Structures are given as C-alpha cells and as structure tokens.
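Please read the structure below before turning to the comments.
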2 protein chains.
Amino acid sequence: MWQGLLRHYRSYLPLTDDTPLITLLEGNTPLIYAERLSDMLEAEVYFKFEGLNPTGSFKDRGMVMAVAKAMEEGSRTIMCASTGNTSASAAAYAARAGLRCIVLIPNKKIAVGKLAQAVIYGAEVIAIDGNFDQALKFVREITSSYPITLVNSVNPYRIEGQKTAAFEVCDALGEAPDILAIPVGNAGNIAAYWKGFKEYRERGKTDTLPKMWGFEAEGAAAITKGQVIEHPETVATAIRIGNPASWEKAAAAATESAGFIGMVSDEDILEAYRFMAAEEGVFAEPASAASVAGVLKQHREGKLQPGDRVVCVITGNGLKDPDTAIDAVSVTPKVVSGNLSEVLQAIGVERGDVDA
Amino acid sequence: MWQGLLRHYRSYLPLTDDTPLITLLEGNTPLIYAERLSDMLEAEVYFKFEGLNPTGSFKDRGMVMAVAKAMEEGSRTIMCASTGNTSASAAAYAARAGLRCIVLIPNKKIAVGKLAQAVIYGAEVIAIDGNFDQALKFVREITSSYPITLVNSVNPYRIEGQKTAAFEVCDALGEAPDILAIPVGNAGNIAAYWKGFKEYRERGKTDTLPKMWGFEAEGAAAITKGQVIEHPETVATAIRIGNPASWEKAAAAATESAGFIGMVSDEDILEAYRFMAAEEGVFAEPASAASVAGVLKQHREGKLQPGDRVVCVITGNGLKDPDTAIDAVSVTPKVVSGNLSEVLQAIGVERGDVDA
C-alpha cells in the first residue's frame, strides 16, 4: 500500500538515516483520462489531479520534504509568507510533525476563507503593514538569524519533493508523455517536473523527455513578456505572481525541453475551468485550468499533433476557491411551487426532454 | 496503477459485460496513521480519509456504481434530492458519463456555497416550496414514472459501491481492524462497510470482522434514541438526519458485529474536528469528526482496550465547509506594524520561544 512520498521515492530524494519519514500519505494522485478533451483535440489527454493531495494542492509534495528536513536539522518552528496553498500545506505538516508554524501575510485584502485552512491546522498568522514582498523579506531575515526554518519556495527541498509528481506521471503511463502542460506562477513547479523527468530518464526508468509547456495568466505573465509585472492581476489567484522566484529555472526547462512558456487570458482560464468540471467531472482551482486553457489555445493555433499524449497538471482543488465557482456559474436555482406538475414542467418531461 | 473502483473490485460488484467502467479514479484513499490519537488512547488508530475522493466525500464510491448501472440500463438522466455531498457526486459522475443531472432541493435556507459544487459540475438545480422529504417524494414519483434514474441512497447500487471502502481498509491493514468507527446520518455507510467486511471474509480475504461503532450527532440521534427526530439539529450538517433511510440495516450491523450505535454532542464533534486538524494534520468535514469524537468518548468511559486497532472513517473533506472552520477557530490574524522588531516580538523570539 501507498506509504507516502518519502518512503516510496526514497532513493530519489535527499534523505539520510536521520530524516524522519513523516507523511500524510501525500502523492499517489490520480492521472485521470480526459475523455471529451481527448476527443475534441484528437489527442490523448490526462489530468494529473494534484487537488487530491492531503491539503488540496501540489504543495504537499514539497512541504513534506521541507518539513522532514527541518526536523532532521533540529528545527522546532517553520515559517512562510503566504495567504494561500503554501501556508495551508506548511500548517498541516507542522501539525503532523509537532512543529510550530508561523505565517506572515500582508494586512490588506485578507480573504478570511483563504486563511481558514492554515488556521484550523494550528498555524499562527501575523499580518504586517506591508505587501507580500515585505512579508517574505521579514521571513528571510528572521529565518536567517534564528533557528526557524523558512519553507517558502526558496527552500531547496521543496523542488525535491515536487519532482516526484513527474515520477508518478511516468509510472502511470509507463513512459514520459509527449507534452507536460502546467500552470506557471512562481515557476517552481515546472522546474520541479523537469528535474523529475530528467532524473527518471537518467536512472533508466524512461527513455524520453516531454516538451514542457508552461502557461502564465495574461495579467501576470512576467516570463512570457520578459518583464516583472508590478501589479499582477488574474482570477487565477494561485498564479498571480509578477516576479517568479524560479524564473530562470522555468525558462531553462522550457528551452531544454523544446517547449515554451506562454500565456492565457482570464477568459480562457474560466472557460477551461467550467469545461473541466461540467464535461470531465474534475473541479479544479482556477489557476489549475491555465494548463487546459493553454492546451486548447495551442490546438486552436494548430500546434498540437494528432495523437499527442498530453498531461495537464491540475495543481489544486476547486473546493479551495468556492467564490470563483459561485461567480463562474449561475448558482441561483430555478424555483417552482410545490406541486408535481410544475416540477415536471421545469424538468421538461412534457416536452419529451427526458425520452419520456 | 489504480484504475478506479469498478475495475479494481470488479469481481465483488454487480457488474455485467455491458456495464460501462466509468471512473474519476475514486477510491484508493489514504489510511492515515493517527500518531497523537494513538498515543493518547494507547491504541492503534487510523483515519480512512474519504475526503480525498474526486468530489471530496465517500459518496463517490456509491455514485460511480449507481451511474454506471444507470448507463447500462439506458438512462440518460439521473436525479436526486440533496443539498450536499450527494448532489455534488451525482453531478460530477453525470458530467463524466455525459448524462443529465437534476437536483431537487427545498427552497429555504439554501446555502449557495453548498450548491456551487453541483452547479459547476453542470447539474440543473430546482428548488421547491417544501422540505427535504417533499423533494425526495417528488424524485421518487418522477423516477418511477419516467426513464430517469434515482440516485439517492435508496438506489441499491450505492451501497454496493460504498462497501469497497471496507475492502480497502482490509487491503491496507492486511486484515480487518478490531473496531470500525463511523459517523451515522442516513445510516447507509455503516451498512455498506459491514456488508464489505462480511463479503471479504466470505471470500477468504480476511479471517475476522470488526466491531461496528456508529456515532450519530446528539441533535439527530434517531437510532440511539429509538425515535424519529422531527427537527434534527447539529453543526455536523452531513449527518443532520432525523429519520435515517437505512435505519434497520445500520442497527443490524451494530448488533451482528457486537458493536453499537451511540451519539456525540456538537461540542465533542467540534473538539475532535479541531484536534484532527491541529494535531494530526487532517482537515475533515464536521460530520466526519463524529467518528473520532465517538472513539474519544468510548475511551473516557473505559470501553477502549489498550492496543485496539481502530479505523475512524473520515467521510468528507473540510474544504467542503469553510464556514464551520472559520467559526471554529479565531481566524483574525494578529496585526503588527511593519517593522522587524515588532514581528519578532509577536513571534516571541525575545522571550526565547523559538529556542533563540
């Protein structure tokens, strides 16, 4: 049975005999065949549904590794700047490991719902008068002066854990896909997958490497546009980042793999988001839909080959962001008075809409 | 690799050559060792975390089976009365299968957030002037007169799919646990687990059977109290049911297994809910915490034996109900002005709280 990432991919990870093999049984996420999308694109398309990790996002892969190493190094406290998936994951693994978790956030536009997950896992949240960069700066200063471990993406173990998703894709398919499509925000995940694909090939587990297709949101497309975006804006909040921490590594992954990093509009993202749920039965975070939106765009531009085997990384669970779901569809139900004939009419039975 | 419930447990399910093996790769959920709880109780406690099913609850197990049989029988539309996990699951599998999904709900106290999931998966929601029982009555009438398949829990295939969770528990442990602790609302799930454990033993996969411990919420404890509750009330909305559909089967499971069905207070449920997140790193729906609250109560009353191997069923994902999380903990962050020394003070570094 599945015993978590650290045990399962032990020989591929920087573990020592002293690394505690903590786990919430992260990883082992489904690779779901996307039937309608495959038909539409005349390709073989899969969703790597990372939203089914323990805290609902791919961050758990890197966090279990970062927290295990923090414990090995004797740290009793971890710290990050984040209002989203990173803080939730950090808080959960800190709870698991018996560590203290401190989360620094900017004291403006705080969505209470986004914080709830970290707080219920027991994190201490401190809001500062400043923006995200300021919060991260404090975290870096504090963690460099005190025995507190920084678990933001600059923690090198994060990418080590995250690369295991590439292993799982190869294990499921028996080889690497032709194309790996992935949302790009802070750009660490595309770098992690690329590292994973390369390592699996080096170890002889696969023969080929995929083309890496990264997709930024248009309003936060720093890499695509080649410039820092001062005020990034997109509905895909998990990739609303104007100056990606792993910019160089991401660009290298695209170039080395003969892939690219491009961008998709919020409109395309929301269309893909609705399509995935209503046509494939997969409810993802808006940011996750960037990968599918990107593949659809490539298809429109004639850049997808018939038969291509494409894996779209679905980074987070749609349940993380119910507000976007409510905005994206008309949730208000049709109301009918309480008699059967009106219900039948509303259903359309009388019009024969149900083969009646 | 995991290919979903219908393929994996094919020989245990009522499938024919004509049953389409649809899947969202449901099942195969983690059995997480609960370290702190095990230490506290001097027992071996696991969480079967069903919140990591595709739509975030155990309902997906039964729904994949019900929808596959609906397709086999030529149905093009499924229908249910539900405002919660059932409608979300029905909508997702209908999307997957290309079927129409109609959800009937009572037109009062509609929490838009609860509906959002079903709607994003493409369900048509109709609100009637009446209560839940009235909605279910309409669903039964309509589905008995028109070629529309009812997928509420009276659909017999639901329990067939749900019993697979018992198989997975046995597969993970190598045998049945001593005790299976489970929340009881409509009471179908305890009946399904019991059926699963018995079938696995009949097939020679296991030698023993667990005691079934079912836990109702005190304000909806029909079985425990031996009477229908007209107006059930509990924070654990997923088990807020005053007249369980599978009452007899649940009572039989408790009796046959030398277990019981008891109740836990909302206070106990919320305490277990917070404990699970903050101490074990598992964020569950409030209803799910009834199993853990029940085990804690049994321990307090001296009814747990040292070394008992206990599996607590965690039926749904905490992300389904962010409002309860926000109410259960103080989400408002500590605010400090933007200078480093104040942040350090807030963290307690100056008091040596971080071994500094």
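What follows is calculated from the coordinates using simple rules that are stated; it is not laboratory data. Please read these numbers as outputs of a predicted model, since none were measured by experiment. When we count neighbours, we look across all protein chains shown, and the Cβ atoms used for this are built from the backbone with ideal geometry, even at glycine.
In peptide B:22-35, what is the residue-averaged number of other protein chain Cβ atoms found within 10 Å of each Cβ? Spell out each step's value before the answer.
Working: counts 2, 4, 9, 9, 2, 1, 5, 4, 13, 3, 6, 4, 0, 4.
Across B:22-35, the average partner-chain Cβ count within 10 Å equals 5.
Of all the residues in chain A, which one has the C-beta that comes nearest the axis relating A to B, and what is the distance in Å?
Closest to the axis: A:LEU319, 2.
Go through B:SER291, B:ALA165, A:GLY281 and say which Cα lies farthest out towards the positive end of the charge dipole of the protein assembly as shown; charges sit on Cβ, +1 for Lys and Arg, -1 for Asp and Glu.
Positive-most Cα among the choices belongs to B:ALA165.
Place the label 7 angstrom along Cα→C-beta at B:ASN131 and in each other copy, then list the distances from the first to the rest in nm, shortest first.
Distances between equivalent label points, in nm: 5.5.
Label position 7 Å from Cα toward Cβ: report the copy-to-copy distances for B:GLU233 in nm, one decimal, ordered from shortest.
Inter-copy label distances (nm, one decimal, shortest first): 4.6.
Can you give the percent of C-alpha pairs in region A:261-339 whose distance is more than 21 Å?
Working: 1071 of 3081 pairs.
Summing the P(r) tail past 21 Å for region A:261-339 gives 35 percent.
Where does chain A land on the Kirkwood hydrodynamic radius, alpha-carbon pairs, in angstrom? Intermediate values should be presented prior to the final figure.
Values: mean 1/r = 0.0474 Å⁻¹.
Hydrodynamic radius (Kirkwood, Cα pairs) of chain A is 21.1 Å.
Quick one: if you take sqrt(5λ) for each eigenvalue of the C-alpha gyration tensor of region A:122-198, what semi-axes come out, biggest first, whole angstrom? Write down the numbers at each step before the final one.
Values: eigenvalues 215, 36, 22 Å².
So the equivalent ellipsoid measures 33, 14, 10 Å along its semi-axes.
Calculated from DSSP H runs of 4 or more alone, at -39500 (n - 2.57) each and per residue, what is the 222 nm mean residue ellipticity of chain A, nearest 500? Walk me through the numbers on the way to the answer.
On the way: 15 runs with 144 residues, N = 356.
Using -39500 (n - 2.57) per qualifying helix, the result is -11500 deg cm²/dmol.
Give the residue list of GluC sites (Glu not before Pro) in region B:48-123 that are DSSP loop and have at most 14 other beta-carbon atoms within 10 angstrom. The partial results should precede the final answer.
Working: sites: B:GLU50, B:GLU72, B:GLU73; in loops: B:GLU73.
Qualifying residues, ordered by number: B:GLU73.
Quantify how strongly other chains surround peptide A:60-70 by giving the mean number of their Cβ atoms within 10 Å of each of its Cβ atoms. List each step's numbers first, then the result.
Details: counts 1, 0, 0, 0, 0, 0, 0, 0, 0, 0, 0.
Mean inter-chain Cβ contacts per residue within 10 Å come to 0.
Cα-based Rg of region A:21-69 per 2.2 N^0.38 Å, rounded to two decimals? Walk me through the numbers on the way to the answer.
Details: Rg = 14.4 Å, N = 49, 2.2 N^0.38 = 9.7 Å.
In units of the 2.2 N^0.38 Å rule of thumb, it is 1.49.
Among the listed pairs A:LYS205/A:LYS303; A:LYS211/B:LYS48; A:LYS334/B:LYS114, give every one whose C-alpha distance is greater than 26 Å.
On the way: A:LYS205/A:LYS303 28 Å; A:LYS211/B:LYS48 37 Å; A:LYS334/B:LYS114 16 Å.
Over 26 Å Cα-Cα: A:LYS205/A:LYS303; A:LYS211/B:LYS48.
How big is region B:146-278 by Rg and Dmax over its Cα atoms, in Å?
15.4, 49
Hull surface divided by four, with the convex hull built on the Cα atoms of the protein assembly as shown: how many nm²? Working shown, then result.
On the way: hull surface 119.2 nm².
The number I arrive at for the protein assembly as shown is 29.8 nm².
Taking amide H positions as placed in the peptide plane 1.01 Å from N, state which residues far from B:SER82 in sequence (5 or more) or on other chains have amide H under 5 Å from it.
B:LEU104
Relative contact order for region B:58-150: what percent, with Cα pairs under 8 Å and sequence separation of 6 or more?
Values: 147 pairs, mean separation 29.9, N = 93.
It rounds to 32 percent for region B:58-150.
Going Cα to Cα from A:LYS69, which lysines come in below 25 Å? Please leave out same-chain ones fewer than 8 positions away.
A:LYS59, A:LYS137, A:LYS163, A:LYS195, A:LYS198, A:LYS249
Residue by residue through A:322-329, how many Cβ atoms from other chains fall within 10 Å of the Cβ on average? Can you show the working numbers first?
Numbers: counts 10, 3, 2, 8, 6, 1, 3, 7.
Whole-number average of other-chain Cβ neighbours for A:322-329 is 5.
Can you list the equivalent-ellipsoid semi-axes of region B:58-150, largest first and in whole Å, using the square root of 5 times each Cα gyration tensor eigenvalue?
On the way: eigenvalues 79, 50, 20 Å².
Largest first, region B:58-150 gives 20, 16, 10 Å.
Considering only DSSP beta bridges whose two residues both sit in the protein assembly as shown, what percent are antiparallel, to the nearest 5?
On the way: 10 of 78 bridges.
Taking every DSSP beta bridge with both residues in the protein assembly as shown, the antiparallel ones total about 15 percent.
Say each of A:SER265 and B:SER337 gets a label point 7 Å from the Cα, pointing the same way as Cα to Cβ; how far apart are those two points in nm?
Calculated label separation equals 4.6 nm.
List the GluC sites (Glu not before Pro) within region B:214-305 that fall in a DSSP loop (any state other than H, G, I, E or B) and whose Cβ has at most 11 other Cβ atoms within 10 Å.
Hits after loop and neighbour filter: B:GLU230, B:GLU301.
Using only the alpha carbons of region A:76-116, what is the convex hull's orientation-averaged projected area in square nanometres?
With the hull built on Cα positions only, its mean projection is 2.7 nm².
Any idea what the A:ARG7 label distances to the other copies are, label 7 Å down the Cα→Cβ vector, nm, shortest first?
The projected label point of A:ARG7 is separated from its counterparts by 2.5 nm.
Could you work out the longest stretch of chain B that avoids the trypsin sites (Lys or Arg not before Pro) located in DSSP loops with at most 11 other Cβ atoms within 10 Å?
Details: sites that count: B:LYS108, B:LYS109, B:ARG203.
Formally, the longest exposed-site-free interval is B:204-356.
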